[in-house]
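See structure below.
The values are calculated or read from the model by the stated rules, or taken from the named source; none is laboratory data. Note that this is a predicted model, so its numbers are computed, not measured. Cβ coordinates were reconstructed from backbone atoms using ideal geometry, including for glycine residues, and neighbour counts include every protein chain displayed. Quick note on the areas: whole protein, heavy atoms, side chains included, nothing else; ligands and nucleic acids left out. Shrake-Rupley method; radii C 1.70, N 1.55, O 1.52, S 1.80 Å.
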Amino acid sequence: MTEKAHFYCAAVDMAHKETAADIARELVEKHGVQMIELCGGLASAEIIALVKEETENRVPVG
């Protein structure tokens, strides 16, 4: 058995990519999130790159 894990889920209108990036940064900085998974059906390469940039590549983004 492993240590206790926490799961955060944030729903963001992907038409507002700046909001997604802001929320990602907040999750990493304030909540210590170690990985971000974006919805494969909605996230574009542009949004993935923006989230990676906003989080300064501190966590994997998929």
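Annotations for the structure displayed:
- Calculated diffusion of the chain, Stokes-Einstein form, Kirkwood radius summed over Cα pairs, 10 °C and 1.306 mPa s, µm²/s: 133
- Whole-percent carbon and sulfur share, accessible surface of the chain, 1.4 Å: 52
- The figure for D13 is an accessible area of roughly 90 square angstrom, using a 1.4 Å probe on the protein chains alone.
- Partner lysines for K4 [C-alpha distance under 22 Å; skip if fewer than 8 residues away on the same chain]: K30
- Folded to 0 to 90 degrees: helix 17-31 orientation relative to the chain principal axis, Cα: 20
- Stretch gain in nm, segment L42-E3, where the contour uses 0.36 nm per residue and the Cα spacing is subtracted: 10.9 nm
- In the chain, the GluC sites (Glu not before Pro) that fall in loop regions by DSSP, at most 14 other Cβ within 10 Å: E3, E37, E56
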